[in-house]
1. Once both labels are modelled 7 Å past Cα along the beta-carbon direction, what's the B:T82-B:F206 spacing in nm?
2. Hey, rough spin-label estimate for A:R193 and A:D129, points 7 angstrom out along Cα→Cβ, what's it come to in nanometres?
3. Okay, helix-only estimate at 222 nm for chain A: each DSSP H run of n ≥ 4 adds -39500 (n - 2.57), divide by all residues, round to 500 deg cm²/dmol; what do you get?
4. Taking the alpha-carbon centroid of each part, what is the distance from region B:157-189 to region A:63-123 in angstrom?
5. Looking at the square roots a ≥ b ≥ c of the eigenvalues of the Cα gyration tensor of the protein assembly as shown, which shape do they give, rounded for a/c under 1.5, prolate if a/b is larger than b/c, or oblate?
6. Which of the lysines could be linked to A:K147 by a straight reach, that is with a Cα gap under 22 Å, when you skip same-chain ones fewer than 8 residues away?
7. Apply the a/c threshold of 1.5 to the C-alpha gyration tensor of region A:4-192 and tell me whether it is rounded, prolate or oblate.
Amino acid sequence: MARMKFLCDADRCIECNACVTACKNENDVPWGINRRRVVTLNDGKPGERSVSMACMHCTDAPCAAVCPVNVFYTTADGVVLHSKDLCIGCGYCFYACPFGAPQYPKVGNFGSRGKMDKCTYCAGGPEADGSKEEYEKYGANRLAEGKLPLCAEMCSTKALLAGDGEVIAQIYKERVSKRGYGSGAWGWQTAYRESIAT
Amino acid sequence: MARLFAHIRFVAGALALAFLVALAAPAPASAQGGPTAATSEQQLLQQLKGGVIAGQVSIPDKKAANLIHPAGRDWRTFHTVTLKWIGGVAILGMLALLVIFYLWRGTIAIEGGRSGRKIVRFNGFERFTHWLTASTFVILGITGLNITFGRALVLPWLGPEAFSAWSEWAKYAHNYLSFAFTIGVVLMFLMWVGQNFPTAADITWFKMGGGMGKGGGHAPAYKFNAGQKLLYWFVVLGGAAMIITGYILIFPFYGGLTVGNMELAEVFHGVIGVLFVALILAHIYLGTLGMEGAFESMVDGTVDVNWAKEHHSLWVEEQMQQTGGKARPMATPAE
């Protein structure tokens, strides 16, 4: 089985935000929630870089470790998914996540958090693959159809890569050696405790 | 900040330049502003020493501008390891101490026996405030411990669906009853603050170990003894800390709160919370099983005069002076 990862080549990302839009559309993401976002570092200054970031589907995921009701599970592909039926909306996964991936629709009074929502790597949830219930709760299950997450699939500069970790790391290495520079695989050190030697 | 980034850029540029020179790359690299002037995650993480890597976003949710927040990992260790140890040791340790104390000392009896005359110790408002705070505290304590220990202790035998259903109700109870608890703590502070400042009698009380040892005699005390004063100040100050950190967690991101603030709030909320539970276990023990004649002060508000003379001698003297030198036998409670 493959170990699915995301890799954003910050030297290619042009901050077009199409990945953000594609994700919202493909998964019918609730209002006010962005499963994916583009963050620009050093905006307007020399060395500016943009990074498209979502849930990194961490190895030994912090969200899963702190969840008081144990809603998270890692699939055979290394994708971190969760059950919205079991989630109580306590907010702990958000405190633990280094990437700010978990978000909560605001329900009711005060800051009441609803069921947590985050990137599913376009792999749905615990319901039957491709079922109506799965789509309503989690969005598309492209992985079950043999497709990769739409954000990476439609990236115009192919900055955002999705797929087996070793394959995308190899693609990135080749790019870096060919062009002579690269700012590294953003988030990999934090999510997988590894960086790509270039 | 700008200087920091300038420094990072310089280092990154220099490193990239050295790299290219070493490879004898044909393309000349600029040390400032060129494509090679990128900063890498590794370098930034080292420079920031666990701080947040943040930038700009074009979506309305500005907190999404935090790219990487490595402190979440420390918080994770705190929540999954440290807090469990502190809570486990504090609560189980206190239970063990109480069992040992009970086996050694037993129920502390009224030495002079019951006189049959009663004196009002807590009026209706005091008892209402006590039980308002107490009942909400018990629910807040159980539902709070459920968040930290429930997954390991309760989930295996309730099953995921039932445990999630219970935990969701527990969360609502914890959130909404916090308001009633807040009122209780505020009233308790105002109601009893006058009787809880330290006095000289408290030093005697501590020297005598509160009179808790066998044959240790009875330490003099006004309405509250030194131990009760400590409890009072823990409830007021610890309660205030619980309330403030709790509201920070109930109202995420209100008033410019950051995820770092909320993590810190949870650390204080968790640690003070488990210590609070341990302390209140001792309070419950002394108020019920541990001491004859104490619990009725919070039921109908009266205590036996002999009990009062033994445990709160100075307070009884005060009361007698107010009533003209005689302990007023109470046929009916004050309300």
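1. 2.9 nm
2. For the pair A:R193/A:D129, the computed spacing is 3.1 nm.
3. On the way: 7 runs with 51 residues, N = 198.
Rounded to the nearest 500, it is -6500 deg cm²/dmol.
4. Distance between centres, Cα-based: 20 Å.
5. Values: a/c = 3.22, a/b = 2.46, b/c = 1.31.
Note, shape of the protein assembly as shown comes out prolate.
6. Cross-link targets: A:K5, A:K24, A:K118, A:K132, A:K137, A:K158.
7. On the way: a/c = 1.75, a/b = 1.53, b/c = 1.14.
Because a/c hits 1.5 or more and a/b exceeds b/c, region A:4-192 counts as prolate.
Throughout, read-outs are computed from the coordinates displayed, never taken from laboratory work. Everything quoted here is computed from the prediction, not taken from an experiment. Here the Cβ is made from the backbone with ideal geometry for all residues, glycine too, and neighbour counts use every protein chain on show.
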